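Chemist: First the structure, which I've put down as structure tokens, then a few questions once you've had a look.
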Amino acid sequence: MLLVVALFIGPLAVSNLWGYLQSRKYLTDSAFRNTRDLAALQAAETSDFMREVAASLPGLAAGDDRIAVMLGTLAAGDTAAPHTLHDVLRTAAAGSLEIDELQLISPAGVLLASSRAVDPAAAELTAALCYQRGRGATAVIAFSPGAGVEPTLVVARPIVSTETASGATAAPAGGRLIGVFCARLSFEVYRRLLRSLQSRGSGTDLFLVDDQQHLLASVEGGAVRAGGGRLPWLPRPPARVAWNARARSPAGDELIVAYAPVPGRDWGVVVAVPVASALADLEQLKWQALLLSAALMAVAALALVLAWRTMVRPLRALAGTSERIAGGAIGATVAPTGPREIAELATAFNRMSLALRDSQQTLEDRIASRTRALRDSEEFLELLLNSIDQRVVVTDRQHRIVKSNAAADRMHGRRLVDQICYQVFEGRDQPCDGCPVQRTFETGLPATAERSQHTVGGLEPVSIETYPVQVTGAPVESVIAISRVVSHEKHVQARMAFHEKMVAFGQLAAGVAHELGNPLAAIDSQLQRAEGDPARARETVGVVRKEVGRMARLLRELVDFSRRKRDEVRLASPNQVAEDVLRLLEHDPRARNVEQIRDLAPDPPGVRLVEDHLVQVLLNLGLNALDAMAGGGTLTLSTRAVPGSVEIRISDSGTGIAPEVRPRLFEAFYTTKTGGRGTGLGLFVSKRIVEDLGGALTLETTGPTGTTFLVRVPTPAPQGGRS
């Protein structure tokens, strides 16, 4: 039944809520449009009404010919004319309840006559306003003295004569201005206007405002009221532009407000409709829907009560028995009561419980058997690990050793489980730079490294291989590290490197000897000639001096090169090492027809290493390049700085390396040179030297046009970085 409520009443409630929200949005948008249209219609009717008032009131004076005649006699100096004009205006004003006062104003702006005696200051104020606005054309002016005072409406019209006179005051086109007729209307004219507007906007509030949005008059709650001041809740968009918006009345009611400017007037009409009024039908529909939903919920509740009596109680009994079985009471049963389906379910449950009791015994027997097998497997695994003569440790993500074999414990003279690997192996308080365990955790791939670590024999070089322990697709949870001490291999490698170094320098020594042999032969020849012809002694001395200088320069270069301290780790310049190697290669006889090209980067970063090692690598590569160019060619040595390392390239213009040789290029004792000229260790030793520095030696390109080897050596970390 709860499912019925969730699947039927729930979606019904959601759909009703969605329909209510959509209807509310639609009705609100419709109310905005209707309010905007109503404001525009009221503004148009207001404009028509004011046009009628402006056209009808001045006709009172225009239809009386005596006014024009008396204005003419007044200009001629007739002293009785003002009294007569006063009587005429009072008679005209008496015919309308809306007319508060009629005035006549001279062309000079002086009040000539009024329909009633009023405060002179107020009369002069009205006259001045009519004179300013009405001497050129008919003008309708809203005039609001202030809060608490009813606003008035002023209509001004020029009175003109077709006669012309020199020096006449400015007049409308087609005649001479002889006066201005001014009519001041009482609040009744606003009341008549608003009542006519109210008939089209039943149930709404109307507000008549000027161009500064000062309130002139309003219809609120069906009553016409005078204005004064501003509407505090009214938004303040630009005047003379139609707009609509939401606002909130002083009583807290939400309003839909629309403003429309009155065409041809400095007025505007504001229409305010309460949102509750616009959505009244929707709210009524909402309450009807809520009542219907409540009725459906009551029916659902009654259905739930009935379901409890007939279905839930037997099911709870089944649930209680299930909990007992889960607590260990295997074989417990329940009475088959309730509807037929529930009774059948209880019977099936009892059969299941009894079968489960039988299966439990079988499962316990199997678990015991599997436990024994697992214990045997763990013992075998422990025996297997302890049979490995290399250090085997398993570390977790926190670099904590969770498993170690006997060889690992012997290697460090203590039990390693629960120790931090970088603390016990290298005496650090933080993970090692370039840690292979960390690389395997990050990449999920095997890694290798060679590091100096503390063992029972002291600080020794250790070769480390790491492998991830993970389920396919899952992150690496632990890493197996297999390590061995490589002190013996290092000694062998050092002897091999020294042997290859001696071979390379032996070849250079032969070249130097050849370089020294040429000047010695020249000196010997000159001395023999001087013995046979003593007269040539002076010429012989010059030649001998030149050849001796040549030998001295060569020996000085070798002495300078040998004096530099190259057998300790220090910051070396790649460009300086490259220059030294090229100067050494110049003395090799194979370099006679070879052009040397230097393409060195300006001020590359230094590399921290034993400088002699890098010299040996570049010298081996240079000698191989000379062998590849037996008939001459070009040897290019270039340096480039890249992020984190320096790249050194040695290129030759030889015939390239055969495809079948390339896979074995860096193997030990493999050589293609004949006549005992090569040991097969040059590239092998060079690659090991570069990799020990943390770099790489690779064959970059090879082909008929030449071969290029790339040596990449890392640069030291910036000052302040992690050491």
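Chemist: I'm told ASN350 meets every condition in (1) touching a Pro at 6+ places or on another chain (Cβ under 9 Å); (2) over 30 Å from ALA307 (Cα atoms) except one. Can you identify the failing condition by its number?
Modeler: (2)
Chemist: Further, regarding this structure: Grab the strands (runs of 3 or more DSSP E) fully contained in the range 584-655, keeping just those with 3 or more residues being touching a Leu at 6+ places or on another chain (Cβ under 8 Å) and over 26 Å from THR671 (Cα atoms).
Modeler: Details: elements: 594-599, 607-610, 633-642, 645-652.
Once the strands (runs of 3 or more DSSP E) in the range 584-655 are filtered for at least 3 residues that are touching a Leu at 6+ places or on another chain (Cβ under 8 Å) and over 26 Å from THR671 (Cα atoms), what remains is 594-599, 607-610.
Chemist: While we're here: Give me the pairs: first residue in the range 385-409 and assigned by TED's automatic domain parsing to the domain that holds ALA481, second residue in a strand (DSSP E or B) and of a type in the set (Asp, Glu), beta-carbon distance under 8 Å, and six or more apart or on different chains, which are they?
Modeler: VAL402/ASP396
Chemist: Hey, among the residues in the range 168-217 that are exposed (fewer than 15 other Cβ atoms within 10 Å of the Cβ), closer than 14 Å to ALA272 by Cα and not basic (Lys, Arg), which one's modelled with the lowest pLDDT?
Modeler: SER202
Chemist: Which condition does THR337 not pass, out of (1) outside any helix (DSSP H, G or I); (2) closer than 30 Å to GLY19 by Cβ; (3) among the β-branched types (Val, Ile, Thr), if it passes all the others?
Modeler: (2)
Chemist: Please pick out the residue among GLY695, GLY656, GLY675, GLY680 that is at pLDDT 80 or above and at positive phi.
Modeler: Of GLY695, GLY656, GLY675, GLY680, the one residue that is at pLDDT 80 or above and at positive phi is GLY656.
Chemist: Which of the following residues is under 30 Å from PHE32 (Cα atoms) and surrounded by 13 or more Cβ atoms within 10 Å (Cβ to Cβ): VAL273, VAL334? Steps first, please.
Modeler: On the way: VAL334 fails: under 30 Å from PHE32 (Cα atoms).
That would be VAL273, the only listed residue that is under 30 Å from PHE32 (Cα atoms) and surrounded by 13 or more Cβ atoms within 10 Å (Cβ to Cβ).
Chemist: Can you tell me which residues in the range 466-476 are out of contact with any Phe, Trp or Tyr (no Cβ under 8 Å at 6 or more places or on another chain) and in a loop (DSSP other than H, G, I, E, B)?
Modeler: Across the range 466-476, the qualifying residues are GLN470, VAL471, THR472, GLY473, ALA474, PRO475.
Chemist: Also, quick follow-up: Among the candidates VAL402, VAL392, single out the residue that is of a type in the set (A, V, I, L, M), in contact with a helix residue (DSSP H, G or I) (Cβ under 6 Å, 6 or more places away or on another chain) and closer than 17 Å to VAL469 by Cα. Talk me through it step by step, then tell me what you get.
Modeler: Details: VAL402 fails: in contact with a helix residue (DSSP H, G or I) (Cβ under 6 Å, 6 or more places away or on another chain).
Of the residues listed, the single one that is of a type in the set (A, V, I, L, M), in contact with a helix residue (DSSP H, G or I) (Cβ under 6 Å, 6 or more places away or on another chain) and closer than 17 Å to VAL469 by Cα is VAL392.
Chemist: Got at least one residue in the range 269-284 being over 30 Å from ALA43 (Cα atoms), part of a helix (DSSP H, G or I), modelled with pLDDT under 75 and not assigned by TED's automatic domain parsing to the domain that holds GLY221? Explain how you work it out, then say what you get.
Modeler: Residues of the range 269-284 over 30 Å from ALA43 (Cα atoms): 283-284.
Retained after the next criterion (residues that are part of a helix (DSSP H, G or I)): 283-284.
Filter once more, so that each one left must be modelled with pLDDT under 75: 283-284.
Retained after the next criterion (residues that are not assigned by TED's automatic domain parsing to the domain that holds GLY221): 283-284.
Yes, the range 269-284 contains a residue that is over 30 Å from ALA43 (Cα atoms), part of a helix (DSSP H, G or I), modelled with pLDDT under 75 and not assigned by TED's automatic domain parsing to the domain that holds GLY221.
Yes or no, residue by residue, for (1) among the aliphatic types (A, V, I, L, M); (2) surrounded by 14 or more Cβ atoms within 10 Å (Cβ to Cβ); (3) in contact with a Cys (Cβ under 7 Å, 6 or more places away or on another chain); (4) in contact (Cβ under 8 Å) with a residue 60 or more places away in the chain:
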position: PRO232; (1), (2), (3), (4): no, no, no, no
position: ARG236; (1), (2), (3), (4): no, no, no, no
position: ARG246; (1), (2), (3), (4): no, no, no, no
position: PRO250; (1), (2), (3), (4): no, no, no, no
position: LEU255; (1), (2), (3), (4): yes, yes, no, no
position: ALA260; (1), (2), (3), (4): yes, yes, no, yes
position: ASP266; (1), (2), (3), (4): no, yes, no, yes
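Chemist: Moving to a separate point now. Tell me which helices (runs of 4 or more DSSP H) are completely within the range 1-113 and hold 3 or more residues being modelled with pLDDT of 75 or more, or say none if there are none.
Modeler: Once the helices (runs of 4 or more DSSP H) in the range 1-113 are filtered for at least 3 residues that are modelled with pLDDT of 75 or more, what remains is 10-56.
Chemist: If you check ARG592, ARG570, ARG640, which single one turns out to be among the basic types (Lys, Arg), modelled with pLDDT under 85 and under 17 Å from PRO714 (Cα atoms)?
Modeler: Answer to the check: ARG570.
Chemist: What is the one condition in (1) under 51 Å from the mean Cα position of the chain (by Cα); (2) exposed (fewer than 15 other Cβ atoms within 10 Å of the Cβ) that ARG309 does not satisfy?
Modeler: Going through (1) under 51 Å from the mean Cα position of the chain (by Cα); (2) exposed (fewer than 15 other Cβ atoms within 10 Å of the Cβ) one by one, ARG309 breaks only (1).
Chemist: If you don't mind, another one. Give GLU163, GLU150 a once-over and let me know the one that is at pLDDT below 65, farther than 16 Å from ILE105 by Cβ and either touching a Lys or Arg at 6+ places or on another chain (Cβ under 9 Å) or not small (Gly, Ala, Ser) (or both).
Modeler: Matching residue, one of GLU163, GLU150: GLU163.
Chemist: Before we move on, is VAL479 surrounded by 18 or more Cβ atoms within 10 Å (Cβ to Cβ), outside any loop (DSSP other than H, G, I, E, B) and modelled with pLDDT of 85 or more? Even if it seems obvious, please write down each step before you answer.
Modeler: Details: surrounded by 18 or more Cβ atoms within 10 Å (Cβ to Cβ): yes; outside any loop (DSSP other than H, G, I, E, B): yes; modelled with pLDDT of 85 or more: yes.
Yes, satisfied.
Chemist: Also: For the range 626-664, name all the residues that are under 27 Å from GLY606 (Cβ atoms) and either of a type in the set (S, T, N, Q) or not assigned by TED's automatic domain parsing to the domain that holds LEU600 (or both).
Modeler: Scanning the range 626-664 gives THR636, SER638, THR639, SER645, SER651.
Chemist: For the range 429-476, how many residues meet the condition of being farther than 21 Å from ASP396 by Cβ and either among the small types (Gly, Ala, Ser) or not assigned by TED's automatic domain parsing to the domain that holds ASP409 (or both)? Walk me through how you get there before you give the answer.
Modeler: Step one: of the range 429-476, the residues farther than 21 Å from ASP396 by Cβ are 450, 452, 454-461, 463.
Going one step further and asking which of them are either among the small types (Gly, Ala, Ser) or not assigned by TED's automatic domain parsing to the domain that holds ASP409 (or both), we end up with 452, 457-458, 463.
Result for the range 429-476: 4.
Chemist: Moving on. Suppose we keep only residues that are small (Gly, Ala, Ser) and over 16 Å from VAL14 (Cβ atoms) within the range 287-299. Which one would you say is nearest to the chain's Cα centre (by Cα)?
Modeler: Ranking the qualifying residues of the range 287-299, first place goes to ALA294.
The values are calculated or read from the model by the stated rules, or taken from the named source; none is laboratory data. All values reported here derive from a predicted model rather than from experimental measurement. Every residue, glycine as well, gets a Cβ built from its backbone with ideal geometry; the counts of neighbours run over all protein chains shown.
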